[in-house]
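The values are calculated or read from the model by the stated rules, or taken from the named source; none is laboratory data. Please read all numbers here as calculations on a predicted model, not as lab measurements. Cβ: placed from backbone, ideal geometry, glycine included. Neighbour counts: every protein chain shown.
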Amino acid sequence: MIDVSKDTQMMEAIDRIRASVSGLNLKYFIETYGCQMNEHDSEKLAGMLVACGYTKAEGKNEADLILFNTCCVREHAELRTFGNVGFVKELKQQNPRLILGVCGCMMQQKEVADKLYKRFPFVDMIFGTHELKNFPFMLEKALNNQRVFNITEMDGEVVEGLPAERTPGFSTFINIMYGCNNFCTYCIVPYVRGRERSRNPEDILNEVREVIGQGYSEITLLGQNVNSYNYDGITFPMLLSMVNLVPGLVRLRFMTSHPKDLSDELIDAMASLDKVCKHIHLPVQSGSNEILRRMNRRYTVEHYMELVNKLRSRIADVEITTDIIVGFPGETEEDFQATCELVRNVGYSNAYTFAYSPRQGTIAAAMDEQIPQDEKRRRLNALNAVLAETIPAGNEKYIGYEGDILVEGVDHRDEPLLFGKLSNFKMVYVKGDEKLIGSLVHVRVDGFRFNSLSGRIVE
Ligand code: 5AD
Ligand code: SF4
């Protein structure tokens, strides 16, 4: 473990930058792609920039430093990044002191980073996912007009003590582990985020207390596969029970769970711990055993359904969401229909669906029987049509239901309505006073739209 807050060289670098930019009123803008893990990395980059004396810009136009924190999980994300970085060239011409950086998962792929470095000579900083802790040193170089290109393979570290500028609100994220060991054959994450490593529970608990002190009441614990959290024998259900005890915490969520590692202990913890929410994001990826095998998911449809049934029987009102990939290499029409069938059987409250996107360096990208783009698109549309039926169908049971929502904000689309989620992640819209934002209110449901509910506040 590296504790950056005790790294005097880094503190000195931050002080030097602060002194050199003082009075210049420099602003930063960070554009983040991809998952919550990346969002949270951006909050840490922002935390370091604030420590260096920068303030947040409202848009790219007024920024003196623009960072693109990239994602490479699917091709679409990659193409967007290249396009958006290209656009910024013009801003560089208008503001010569503008520093432009590109970082994150996409830059951890050396060939892609090389390509970007060559194609966009106006990019000042390129760095990978293991370089966050060196950001002040890299910034100092860039401020001295040196081009930065830092991509290292080292991935065994847990870095503590980085300041974070969290998105304001009532809900925030805390990492409990980094990396992934699962090597699902379609997935680039283990290559760009490194091997699995868990944080010390003491550090996690300190961070939980810190964010509660800052006014957050809902925390989502993050990891690629939280079920394999393990720190000196402390497992994920044990960690949940420790966090559950922290005074001031109202709601505790977590993601993502891998079905192969979802234990009975975790189901028991979800059922018994009062702050742990009754929602689980449990990516199934496919409803065909043959495709699951080729994906190296290491569970069967039967095992998955067993988990679903256990969750439903032990946890009242639990809702399940998922991720699904269609058009994986070799997926037959029969395999695809099995996925649609599984979706009908489970009754998800929401699902993120993707067309398989070959990622260079992964096992599946080299498999025979790649599915043509048009066919992947057709299957994606067909699957989304199934979900468009099954998701609203799951709403009917909520008519007359009473529960608490944590009010997140006001929606102004038609008449102003407060919105917030039930413990099980179902969104509910109700009439009410804006002063209720941030508090738990008790509601009764009397209607629904596609994947949200409507109702009113009851005493
Ligand atoms: N193609 C399509 N979808 C993918 N995902 C991960 N890798 C790929 C890929 N190569 C999806 C999975 C995962 C989610 C975060 O992204 O469904 O659960
Ligand atoms: Fe990727 Fe599989 Fe790891 Fe999730 S569990 S990050 S899909 S390799």
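Consider GLY194 carefully, then state whether it is touching a residue at least 40 places away in the same chain (Cβ under 8 Å), surrounded by 18 or more Cβ atoms within 10 Å (Cβ to Cβ), more than 12 Å from ligand 1 (Cβ to nearest atom) and at positive phi.
Numbers: touching a residue at least 40 places away in the same chain (Cβ under 8 Å): yes; surrounded by 18 or more Cβ atoms within 10 Å (Cβ to Cβ): yes; more than 12 Å from ligand 1 (Cβ to nearest atom): yes; at positive phi: yes.
Here the answer is yes, as GLY194 does meet what is asked.
Assess whether ASP368 counts as being without any contact (Cβ under 8 Å) to a residue 40 or more places away in the chain and away from ligand 2 (no atom under 16 Å from the Cβ).
yes
Sort out which residues of the stretch 289-306 are of a type in the set (A, V, I, L, M, F, W, C) and buried (at least 21 other Cβ atoms within 10 Å of the Cβ), and write them in order of number.
Residues satisfying the conditions are ILE291, LEU292, MET295.
Give just the number: which of (1) out of contact with any strand residue (DSSP E or B) (no Cβ under 6 Å at 6 or more places or on another chain); (2) assigned by TED's automatic domain parsing to the domain that holds ALA365; (3) of a type in the set (Val, Ile, Thr) does VAL284 not satisfy?
(1)
Collect the residues in the stretch 389-416 that are in contact (Cβ under 8 Å) with a residue 24 or more places away in the chain, touching a strand residue (DSSP E or B) at 6+ places or on another chain (Cβ under 8 Å) and surrounded by fewer than 16 Cβ atoms within 10 Å (Cβ to Cβ), keeping them in residue-number order.
Scanning the stretch 389-416 gives PRO392, GLU396, ILE399, GLY400, GLU402, GLY409, VAL410.
I'm trying to understand the selection: among the residues of the stretch 345-365, which are surrounded by 15 or more Cβ atoms within 10 Å (Cβ to Cβ), more than 16 Å from ligand 2 (Cβ to nearest atom) and not small (Gly, Ala, Ser)?
Answer for the stretch 345-365, where residues must be surrounded by 15 or more Cβ atoms within 10 Å (Cβ to Cβ), more than 16 Å from ligand 2 (Cβ to nearest atom) and not small (Gly, Ala, Ser): VAL346, TYR348, ASN350.
What tally of residues in the stretch 21-57 results from selecting those that are modelled with pLDDT of 95 or more and small (Gly, Ala, Ser)?
Residues flagged as modelled with pLDDT of 95 or more and small (Gly, Ala, Ser) within the stretch 21-57 amount to 6.
In the stretch 284-298, which residue that is over 19 Å from TYR348 (Cα atoms) and part of a loop (DSSP other than H, G, I, E, B) is farthest from ligand 1 (Cβ to nearest atom)?
Checked the stretch 284-298; the qualifying residue farthest from ligand 1 (Cβ to nearest atom) is ARG298.
What is the residue count in the stretch 308-327 for residues that are of a type outside the set (D, E, K, R), under 19 Å from VAL226 (Cβ atoms) and within 16 Å of ligand 1 (Cβ to nearest atom)?
Result for the stretch 308-327: 3.
If you take just the helices (runs of 4 or more DSSP H) that sit entirely in the stretch 186-259, which of them hold at least 1 residues that are closer than 23 Å to THR321 by Cα and more than 16 Å from ligand 2 (Cβ to nearest atom)?
Helices (runs of 4 or more DSSP H) meeting the threshold: 236-244.
So, SER217, is that one touching a Ser or Thr at 6+ places or on another chain (Cβ under 8 Å), within 29 Å of THR167 (Cβ to Cβ), buried (at least 17 other Cβ atoms within 10 Å of the Cβ) and not charged (D, E, K, R) or not?
yes
Mind telling me which of the residues VAL386, VAL343 ends up being touching a Cys at 6+ places or on another chain (Cβ under 7 Å) and in contact (Cβ under 8 Å) with a residue 40 or more places away in the chain?
Testing whether each residue is touching a Cys at 6+ places or on another chain (Cβ under 7 Å) and in contact (Cβ under 8 Å) with a residue 40 or more places away in the chain leaves just VAL386.
Would the stretch 271-283 turn up any residue that is within 16 Å of ligand 2 (Cβ to nearest atom), assigned to a loop (DSSP other than H, G, I, E, B), within 26 Å of the chain's Cα centre (by Cα) and modelled with pLDDT of 95 or more?
Yes; the residues of the stretch 271-283 include at least one that is within 16 Å of ligand 2 (Cβ to nearest atom), assigned to a loop (DSSP other than H, G, I, E, B), within 26 Å of the chain's Cα centre (by Cα) and modelled with pLDDT of 95 or more.
Report yes if some residue within the stretch 227-234 is within 15 Å of ligand 1 (Cβ to nearest atom), within 22 Å of ALA271 (Cβ to Cβ), within 21 Å of the chain's Cα centre (by Cα) and of a type outside the set (A, V, I, L, M, F, W, C); otherwise report no. Spell out the reasoning first.
Of all residues in the stretch 227-234, those within 15 Å of ligand 1 (Cβ to nearest atom) come to 227.
Those still in the list that are within 22 Å of ALA271 (Cβ to Cβ) too: 227.
Applying the additional criterion that residues be within 21 Å of the chain's Cα centre (by Cα) yields 227.
From what is left, the residues that are of a type outside the set (A, V, I, L, M, F, W, C) are 227.
Scanning the stretch 227-234, I find at least one residue that is within 15 Å of ligand 1 (Cβ to nearest atom), within 22 Å of ALA271 (Cβ to Cβ), within 21 Å of the chain's Cα centre (by Cα) and of a type outside the set (A, V, I, L, M, F, W, C), so the answer is yes.
Can you name the residue in the stretch 142-185 that is assigned to a loop (DSSP other than H, G, I, E, B) and charged (D, E, K, R) and, of all such residues, is farthest from ligand 1 (Cβ to nearest atom)? So that I can check it myself, show each step before the final result.
First pass over the stretch 142-185, keeping only residues assigned to a loop (DSSP other than H, G, I, E, B): 144-147, 151-158, 161-170, 176, 179-185.
Filter once more, keeping what is charged (D, E, K, R): 147, 153, 155, 157, 165-166.
Values: ARG147: 31, GLU153: 21, ASP155: 19, GLU157: 23, GLU165: 25, ARG166: 22 Å.
Only one residue fits best here, namely ARG147.
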